[in-house]
1. Across all directions of projection, what mean area in square nanometres is found for the Cα convex hull of region 232-311?
2. When the scattering of region 246-393 is computed by the Debye formula from its Cα atoms alone, each counted once and equally, what is log10 I(q)/I(0) at q = 0.11, 0.14, 0.18 Å⁻¹?
3. Once fully extended, how much extra length lies between residue 278 and residue 310, figured as 0.36 nm per residue of separation less the alpha-carbon to alpha-carbon distance?
4. In µm²/s, what is D for region 315-391 at 25 °C and 0.890 mPa s, where D = kT/(6 pi eta Rh) by Stokes-Einstein and Rh is the Kirkwood radius from Cα pairs?
5. Which of 35, 145 has the fewest other C-beta atoms within 10 Å, and how do the rest follow up to the most?
6. Output needed: percent of Cα pairs per 20 Å distance bin for the chain, bins running from 0 to the one holding the longest distance.
7. For a quick check of your reading of the filter: which GluC sites (Glu not before Pro) in region 140-226 sit in a DSSP loop and have no more than 12 other Cβ atoms within 10 Å?
8. Between residue 225 and residue 369, what length in nm is gained on full extension when 0.36 nm per residue of separation is reduced by their alpha carbon distance?
Amino acid sequence: MVSQQRSPFTPGSIAHSLPGRDVHRNRINVSLTNLSVYRELDGRIRVFVGPRGIGKTSLLRVAQKDAETRTFTTVWATGGDSVSLCVDLANELGKLVTEKWTTTAKAGLLETLKTIRLNFGVASVALSAVGGQDTPEFVGAARALQAGLTAAARGVMDAGGVGLVVFIDELQAADPVGIRALAYAWQHMQAEAADLPAAVFAAGLSHTQDTVAKAVTFGERFEYRHLNNLSHDDAVMALVEPARACGVGWELPALEAVLAETQGYPHFLQEFGDKMWEAAGYPGPGGALTMHHHPAARDEYRIARDALFRSRWTQATRVEAKFITAMASLGDGDVKRKDVAAGMGTTSTAISMARQSLMDKGLIAPSSHGKMRFTAPGFAEYVREHADIDDAE
């Protein structure tokens, strides 16, 4: 009797493999190699952007693992975890101190981190009050963050480390003061600490570049790379390779049926793959995923998918719900902003706040100039079939 195996698919969790992301992973590894070889600061903050469920966090976590395998010291922060990205970074940098650190390096970093925590509250109030101007309080906070990053990198080096790599997830959710301070700190470090092997990699939703642009007037320190749905071949790999590693195959009709339903959206590929594995009875080596398992798996997949869609729908305000409904009525692909406005009986300018809010929530994403799309395939159809405008709050 063939033994059972747990599912190799990971819906909602960090993916074990990253098909279709080789180009991005290679870019990260080139940056890490340059840090190792040239022993210099990576002057650009590299940001991977895309909708929810596209695999940004998985890419960052794999990159963190790659960096640590190459003996870099890493820190991880998440935008929106608290009131301040600066304080989050300070707390994470403080965890780097080990018994290998010199007394001087340890004292210098801890004192600097204390300054960051003290300065942030003042800087936040000052920046909000003057609409983003460079108040003395803000400049002090940005310089404090710069000093903290510099002290941490030097401490790592003094302790025999290769370099420091900072990872920031959900950058679009970080406070404007924190984003601005990070941009200023990295700009100053390029001139004043260029000899330090340090880098920043971040991830955020599709509109992260707009969020950063509102927080800081210069953007040349940020490089953006967009993550899209997987191609057909990469989607095949996302389904076939995890199963193959367990000695389990896919019958071609079942594979193509899952591909057609999920349209290369990484989260849905993992979800449907997981439901197929369950429907097949958690197969052992020599097993196969077939069309015999597909109907039950499809039903369970759609229950999970629709629960996600329902959650997104119920989180929408009344205005956002009208926006979503108007957008869904125009079809399943890219739609023009002006057509959505017309469907709502208003102007393009009048829908700006709702559009921004829906991007903040990750429900829609800009696709090209003047156009946008839903981030998850099938959501437009779900809205047309199930959504009742009176249910939105």
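Where a number appears in this text, it was derived from the coordinates with a stated rule and is not lab data. All values derive from a computational prediction rather than experimental measurement. Note that each Cβ is placed from the backbone with ideal geometry, even for glycine, and that neighbours are counted across all protein chains shown.
1. For region 232-311, the mean projected area of the Cα convex hull comes to 4.7 nm².
2. -0.50, -0.71, -0.97
3. Details: separation 32, 0.36 × 32 = 11.52 nm, distance 2.34 nm.
Full extension of this stretch gives 9.2 nm more.
4. Roughly 202 µm²/s, to the nearest whole number.
5. Lowest count first: 35, 145.
6. Distribution as computed: 25, 49, 25, 1 percent.
7. Within region 140-226, the qualifying GluC sites (Glu not before Pro) (loop, at most 12 other Cβ atoms within 10 Å) are 220.
8. Result: 50.1 nm gained on full extension.
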